[in-house]
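The values are calculated or read from the model by the stated rules, or taken from the named source; none is laboratory data. Treat the numbers as computed from the prediction; the structure is a model and nothing was measured. Neighbour counts run over all protein chains shown; Cβ positions are idealised from the backbone, glycine included.
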Amino acid sequence: MRKSQREIVESSRVITRRGLMLATIQAAVVTVLGLKLRSMQIEHADEYRLLSDGNSIKIRLLPPARGLILDRNGMIIAGNEQNYRVTLTREEAGDVSAVIARLRRIIPMSDRQAAEILAEIRRRSAVTPVMVTDRLSWPEFSSIALNAPALPGVTPESGLSRSYPRRGDFAHVLGYVGPVSDYDLSKIDNPDPVLMLPEFQLGKVGMEAKLEQVLRGKAGARRVEVNSAGREMRELSRQEGQQGATVQTTLDAGLQNFVAQRLGEESAAAVVIDVTNGDIAAISSSPVFDPNKFVRGISGPDYRALMEHDHRPLADKTVQGAYPPGSTFKMVALLAGLESGVINTGTRFFCPGYITVAGRRFHCWSRGGHGTVDVIKSLAESCDIYYYELAQRVGIDRIAAMARRMGIGVHHDLPMSAITEGIAPDRAWKMARYQQEWQIGDSINASIGQGYVLASPLQLAVMAARVATGRAVAPRLVRAIDGIQEPEPDFPDLGLNPLNLRAARMGMDAVMNSSRGTARRMRITAPEWRLAGKTGTSQVRNITAAERARGVIKNEQLPWNRRDHALFVCFAPFDAPRYAVSVVVEHGGGGSAVAAPIARDIMLFALAGGLPPLSAYPDGERAKVQEMWSRMDLMPSAAPKTERAKA
């Protein structure tokens, strides 16, 4: 059937459109192929040439530099040092045993070390680099680099390793870093790939652990050419990692150094708080240890020596230690009595040397008694009977509430490990803990900081700061992060009657400066630095009636671990408080004889900004103090002052 002219024209249009569409598609395909060929032949020619030659391109993570930790004046107290090391990747090495054998001809390596490296390589993924050795000397590092063609899979690297230039001074507060372990990884969901890098260092304890995310930084990456033998030929590109944040602490390196040396080898702790803003100027536990030993993994003998030491150098006694506060707790009991209205500043009790309650005799430390005792004298001479009488009238619940108000029995939020809450016991606490009713004898013991009451040196320093200021002073350790200052705290008022607070402060002043004060010999004679304090001695053993009858055994006649703890808390200057200090010496004996002189010396150093003038000490103390200074190896900034600095 013959088509009409109209049908022929229409058919022709359809064919033309289809032809154009087909031609457009063909042109697009040719264009894409052309662009791809151009990319392969021109833009990525080098990469494909490498692949054709048997080479490959690898992406390697670059560990970030760990953030610095500074003292309040900008001194580095945790930094990084250059570290030459060598890693080995199983996928690129081929015969790992042969490669290690060749390495051993270049650098010293025992059979045991070689076996441990082989075991670690087999345990890890084939693409994960494993540390072979680090802390190489430059000649050793250079030799490995020169022999790289014969060492497939071996990569010499120059990196950074954590270092603590002040060694033991900040050991407990900073903590330390160490290699990432399987246990560390098991505690982390979706661990950062940078943690898989050989010998990457992770914060283990202290500020290093608590501020890990802030200090770690972000990993970088580099693209490298690796030949068929696994040798790295050249670096194609590099994106540096982002260093961790710089953390400026509230700590003063000079003061911290002095505190650590003043505590010496005692099993002890000391805390210094600036009462105006809560800054911890120094916080030291002794004996100290060198955290640098933990960075690479401490040796077995060194670790055993620390663990078996009876003074527990690894324990941070400042925040982890919980001690009966002894008579330093008497300010809490006194304020509980005054604030409740059970007693007033004129209340007196008679001390004959003991009282009998519920058929049991409770003794004062002064066997002959103190006679008639008022509020000021009760603290100045540390009369126990005054507080036994007070406790029976006030009750434990009010005492416990006041303890928590003053910072005992509560958790203070600091970037440190295992901070204890201590114990401010009350009726409900004993029932929950022991399923027993509270007894009157429990209240009597608690009133003088014995029995169930426990406090850390940090809490005792906070208590002293709150007595000094009447405000809810809270401690802090971080002043700034990457130069951005932390907000200045505004501490609320404790809501205590100013007259009651003044009575507690005057009692602490009388401890140091009255003729019969328990720590008069440890007073500060410079009037602008007048010291107010409170001694404490807490028993760690029971004294039987038979022993008391024949005479209580003196501390120095007892084995070390059965002696009393020595405690002291203080603040100064009395009229315008700046610092509060607490000192606890485990099994040190008497607070006035052992802890008070340490706290006095620390306070003077803090107020003077270095070694104070000898004129600030009583005449009878000056020769002994000067001889002590001569044995110290203090930082240069701690030179003795020729004039008194105003606080």
- Query: Of these, R427, R405, R502, R433, which one is under 30 Å from T249 (Cβ atoms), modelled with pLDDT of 95 or more and charged (D, E, K, R)?
  - Reply: R405
- Item | Hits in the range 118-140 - residues which are in contact with a Ser or Thr (Cβ under 8 Å, 6 or more places away or on another chain) and either part of a helix (DSSP H, G or I) or not assigned by TED's automatic domain parsing to the domain that holds L197 (or both) | L118
- Answer yes if at least one residue in the range 569-581 is closer than 17 Å to S286 by Cβ and at pLDDT below 95, and no otherwise. no
- Task: Report yes if E389 is over 33 Å from the mean Cα position of the chain (by Cα), under 30 Å from S284 (Cα atoms) and buried (at least 17 other Cβ atoms within 10 Å of the Cβ), otherwise no.
- Result: no
- May I ask you to list the residues in the range 316-345 that are part of a loop (DSSP other than H, G, I, E, B), over 17 Å from Q459 (Cα atoms) and in contact (Cβ under 8 Å) with a residue 12 or more places away in the chain? V342, I343, T345
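Residues to consider are G297, G359; find the one that is farther than 27 Å from A566 by Cβ and either within 29 Å of the chain's Cα centre (by Cα) or modelled with pLDDT of 95 or more (or both). Give the derivation first.
Numbers: G359 fails: either within 29 Å of the chain's Cα centre (by Cα) or modelled with pLDDT of 95 or more (or both).
The unique qualifying residue is G297.
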